[in-house]
Structure formats: structure tokens, C-alpha cells
Amino acid sequence: MGLLKTVFEVNLQLFLKDRKSTSRSLLYFVIRDFLGTTPLQNLRNTLMQDMGRIWAGLSKPPGLEKSNSEKVIETPAEIL
């Protein structure tokens, strides 16, 4: 998850420096080698919870201190 934290930090630095930026970034997750034993929705929920924990630990620009990751990053997940 260290790489995902770095992606979030760089995204904040490059695209959300000020409150004027309102566009959302897209992080598209592809889950490979899916066997079907765990429902996709459960995997998505786990992914979103992990991203929420990473997001909560980041230093955010003014105006986004209390925001959640879904406000600035769109994160669909699909399976192969």
C-alpha cells in the first residue's frame, strides 16, 4: 500500500494544490486471478476501506482537510 500512498500524495501535489481545482482523478483497479470465492463487492469494500485509511493519514491542502478520498479520486474496480 506504500505505492498507493505515494500516488495519493503526488496527485494532491500536482492537481489539488488549491481549492480551485475540482476535477477528480481516476484510479482504475483491475483484480486479476479472481476465483469467485469472495464476492466482488466485498473486494471493492476492502479496497475502499484501505484507501480510506491511507487517505486519512495524508497531509491535505487547505479546504480538503476533512474530505474523503471519494471526493477527489474515482476508483472503479473490475475483475479479469
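Criterion applied to Leu40, Leu47, Leu35, Leu58 was being over 18 Å from Thr6 (Cα atoms) and surrounded by 12 or more Cβ atoms within 10 Å (Cβ to Cβ), and the one residue passing it is Leu40.
When every residue of region 36-50 is checked against the conditions, at least one turns out to be of a type in the set (Gly, Ala, Ser) and at pLDDT 80 or above.
The values are calculated or read from the model by the stated rules, or taken from the named source; none is laboratory data. All figures in this text were calculated on a predicted structure; none of them were measured in a lab. For neighbour counting, all protein chains shown are included, and Cβ atoms are generated from backbone atoms with ideal geometry for every residue, glycine included.
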